[in-house]
1. How many of the residues making up segment 247-290 are in a helix (DSSP H, G or I) and of a type in the set (A, V, I, L, M)?
2. If you go through segment 223-246, how many residues are farther than 14 Å from residue 313 by Cβ and part of a loop (DSSP other than H, G, I, E, B)?
3. I'm checking my understanding of the structure. Among residues of segment 300-335 that are farther than 30 Å from residue 402 by Cβ and β-branched (Val, Ile, Thr), which one is surrounded by the most Cβ atoms within 10 Å (Cβ to Cβ)?
4. With segment 530-583 as the region, which strands (runs of 3 or more DSSP E) entirely inside it contain at least 1 residues that are closer than 22 Å to residue 361 by Cβ and under 23 Å from the mean Cα position of the chain (by Cα)?
5. Do we find a residue being over 32 Å from the mean Cα position of the chain (by Cα), modelled with pLDDT under 95 and either among the β-branched types (Val, Ile, Thr) or open to solvent by less than 20 Å² (accessible area, probe 1.4 Å) (or both) anywhere in segment 123-133?
6. May I ask you to list the residues in segment 188-223 that are over 17 Å from residue 446 (Cα atoms), under 17 Å from the mean Cα position of the chain (by Cα) and among the hydrophobic types (A, V, I, L, M, F, W, C)?
7. Which of the following residues is under 30 Å from residue 238 (Cβ atoms), open to solvent by 60 Å² or more (accessible area, probe 1.4 Å) and modelled with pLDDT of 95 or more: 112, 105?
8. Which residue pairs have Cβ atoms under 8 Å apart, sit 6 or more places apart or on different chains, and have a first residue in segment 513-528 that is within 14 Å of residue 157 (Cβ to Cβ) and a second that is of a type in the set (S, T, N, Q) and open to solvent by 30 Å² or more (accessible area, probe 1.4 Å)?
Amino acid sequence: MRWFREWNRESGIRRAVRIAGAVALVASLTLVSGCSMGLPTSGPVERVSLTQNEDHRVYIDPQGPSEDAEPEQIVRGFIDSLPAGPQSDGFKVAKEFLTDAARKTWKPDAKTVIYSGELQISREADTMDLQSRQPSRVTVSISYNSIGAVDSRGVYSAEGASGSSRIELRLVKVDGQWRISSLPDGISISQSGFFQVFRQVELYQLADSGRTLIPDQRWFAWRQWRTLAVRELLREPANWLGDAAQSVGDGAIALAMDSVPMSQGVVQVKLTNSVMSLTVDERAKLIRRIRLTLGDGSGEYRLSVVDDAGQDLSNADENENISIDQPPRHLYTLANNFILSIASNNIVRLGDVAGRFDGAVGMAFTERGGAILRPDGIVECVTKDTDACGTLFGGNEASIIREGIDDEIWAVSKDSSQIMVHVNGQERRFSASMFEGRQITAFDIAPEGSRAVVALGPKKGVDGGRIVMIGISRDSNRLPSGLSSHPNTISNRSNIVSLTFYNESTVVYALRDAGSGYQQLSPGPESPQRLPEDTRELVAGQIDQTQSLIALDGDGMVRYARASLNASWRVLDYQTDAITSGW
């Protein structure tokens, strides 16, 4: 859970700076063995997660159109003015570059496309006035490399981000000055500019079991992020979560005023009085979720919640402590014929498995036991003392296994047609038809158990591969009951060999046969991640009581990056066949 950010950070004197270069433009709708090395033996307990960098935000003071500007200059000025829209001015300056008719119809908040690299702006065609022999209408094209988009609800997706994109703007003369008369709804923004003017917010959704919360990652314009966050929290969860999360009040509860202001250090939320139709328990959970969402996971700030009749609900959650379930994990390895448990600076041999799992290709293990994926694809059960306890999934072959919550062992069938789970002596199988026959190359379960991230191979004639997120629905006993049928594409990267939830918000993935990968606040834009060469397995767990990313390479070397994804990699173990993180 991210640490509480200062609430008055947005106040104070704002530096007004003009940004050189394009950061936004109009967007198209179509768009260890027995020996350990380098393991720390002291240090404080730390909770570490990635957060958006908000300490160095640049504030934009855009200029309106200059006198007698050429069409290309008008388009460039329009582009330069757009970042101020989501950040502060609501596109007031940007609309000065439009005709009166275009101002009334353009919907800039409909969609935000994120691009990388430089923009290319060029004049495409002129329509000449026969009398003056001067251009009366001009078409200007803008080309860029799209990497993803945020919709009107703040949900990020890389779906349809096909790289090179092109849009056209049409300009006409108004009182002798060029103005944009035709443009598609939405905007686009550079990846670096996006992080300056959009704020990453976790909506704390209630899992369908009612017993834990799910972080639903959104990206909102800075100028009204609290209002948008509460409004979306009161709506149905993101489509990709499916039945994994509950809606509240059947959509009847809404904001009673179209803003969530902060006055004298108090965040003020006013709801419609339909909130009183909820039970006491439902109301407590809702206020708790609002508190955590607006506090970035912390409740340590001043929040006022009332309904439109003046009923004070601010303390409705004083006895409610629901949160995201994420018990600390530590590392288990299969190394030198032993299953080892590595917690803090203690390395414990759990048992000798010599001759039983030679060439193992995967493992899933907790303090209660787990499973080993043999090279023949059979998943073999092992007790906490590493004794054999039979085969899982009816002896059907699997390609991947992962631990879930509690005693869950998840597996992907060899043909990628099913995702299976074994828990409490029961086995459940779910169709993977939503992946359209693609091969599943990597898979992981989120810490709270209600989301999964899945790497998919290419589909002939369609694309080269992708990474998606889906929701996992659960019954009142928290047993898995289904998978969302609407996966959200979070990356169009292919050739993914492994991926993991580093924490509840951040996913890290490794490219096959490379010393690099990517990280992202998911769903969100990705950033490069340095990894050991030939990484073939990634897991996350606590090393010396500190959250760490752990990598296994093709030579059996285990390394870890402690406390930060930017930390240097240290050697932990060698001669290792498989690694996993478990409770």
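The values are calculated or read from the model by the stated rules, or taken from the named source; none is laboratory data. Source: prediction; values computed, not measured. For neighbour counting, all protein chains shown are included, and Cβ atoms are generated from backbone atoms with ideal geometry for every residue, glycine included. Side chains are part of the model used for accessible areas, which takes the heavy atoms of the whole protein and leaves out ligands, DNA and RNA. Shrake-Rupley method; radii C 1.70, N 1.55, O 1.52, S 1.80 Å.
1. Residues that pass the stated criteria total 7.
2. 5
3. 305
4. 535-543, 546-553, 558-562, 576-582
5. yes
6. Once the filter is applied, which keeps residues that are over 17 Å from residue 446 (Cα atoms), under 17 Å from the mean Cα position of the chain (by Cα) and among the hydrophobic types (A, V, I, L, M, F, W, C), segment 188-223 yields 194, 195, 198, 201, 219, 220, 221.
7. Exactly one of 112, 105 is under 30 Å from residue 238 (Cβ atoms), open to solvent by 60 Å² or more (accessible area, probe 1.4 Å) and modelled with pLDDT of 95 or more, namely 105.
8. Hits for this filter: 520/527; 525/191.
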